[in-house]
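So the structure is just underneath, and the comments pick up after that.
The values are calculated or read from the model by the stated rules, or taken from the named source; none is laboratory data. On a predicted model such as this, the values are computed, not experimentally measured, just so you know. Glycine also receives a Cβ, built like all others from the backbone with ideal geometry; neighbour counts cover every protein chain displayed.
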């Protein structure tokens, strides 16, 4: 009988690789896999609840928590700060629940510094050409933002060898199964 131990899984990959879709599909099949509630300095949107959707913090409170090293990782995005609290990760792991963080490459390496036992999983697109097709099909990219996202993707993909496992998202069903298998493999180790 194999023993399952709670793990912290960090999933990264370039924009358009399908991280969010794969994580959602894996969680449908494995609902015990937890998520953390992130903190942000942006204002709540209609219907969002503090502590459920996000922890809504003032700029001063967020800065204080940064100074006190209360974040596993944080970043500024579109003029607001977002981060993952150490307390969120620690409490879920202490309760015996594995959890997944879907964050960028820089954040993934920050998590690994704070939680060396974290398992880093990289979602790789089949090719840059297919990634470009996916980004264009969203219909939300300008020529400039597309060029930037593709340059970022090349840089991020070059770091994939620093991850514990890489899943190529070339077929949604196969990739979902592979990601779930990889997660369960690491929980048994």
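Which residue out of 180, 128, 159, 172 is at pLDDT 85 or above, surrounded by 17 or more Cβ atoms within 10 Å (Cβ to Cβ) and touching a helix residue (DSSP H, G or I) at 6+ places or on another chain (Cβ under 9 Å)?
Working: 128 fails: surrounded by 17 or more Cβ atoms within 10 Å (Cβ to Cβ); 159 fails: surrounded by 17 or more Cβ atoms within 10 Å (Cβ to Cβ); 172 fails: surrounded by 17 or more Cβ atoms within 10 Å (Cβ to Cβ).
Answer to the check: 180.
Take the residues of the stretch 40-50 that are surrounded by 15 or more Cβ atoms within 10 Å (Cβ to Cβ) and modelled with pLDDT under 95: which is nearest to the chain's Cα centre (by Cα)?
Applying the first criterion (surrounded by 15 or more Cβ atoms within 10 Å (Cβ to Cβ)) to the stretch 40-50 yields 40-42.
Adding the requirement that they be modelled with pLDDT under 95 leaves 40, 42.
On the way: 40: 15, 42: 19 Å.
This residue is 40.
Identify, by number, the condition in (1) modelled with pLDDT of 90 or more; (2) in the same structural domain as residue 13 (by TED's automatic domain parsing); (3) assigned to a helix (DSSP H, G or I) that residue 123 doesn't meet.
So residue 123 meets the others, but not (3).
Taking the residues in the stretch 153-172 that are in a loop (DSSP other than H, G, I, E, B) and under 16 Å from the mean Cα position of the chain (by Cα) as candidates, determine which candidate is farthest from residue 110 (Cα to Cα). I'd like the intermediate steps shown before the answer.
From the stretch 153-172, those in a loop (DSSP other than H, G, I, E, B) are 158-159, 163-164, 169-171; that's our starting set.
Filter once more, keeping what is under 16 Å from the mean Cα position of the chain (by Cα): 159, 163-164, 169.
On the way: 159: 14, 163: 13, 164: 15, 169: 24 Å.
Only one residue fits best here, namely 169.
Residues that are closer than 30 Å to residue 130 by Cα and touching a residue at least 40 places away in the same chain (Cβ under 8 Å): find the strands (runs of 3 or more DSSP E) completely inside the stretch 1-118 holding 3 or more of those. Even if it seems obvious, please write down each step before you answer.
Numbers: elements: 8-12, 71-77, 80-85, 99-102.
Output list reads 8-12, 99-102.
Considering each residue of the stretch 140-189, count those that are within 30 Å of residue 31 (Cβ to Cβ) and in contact with a strand residue (DSSP E or B) (Cβ under 8 Å, 6 or more places away or on another chain), and give that number.
The qualifying residues number 16.
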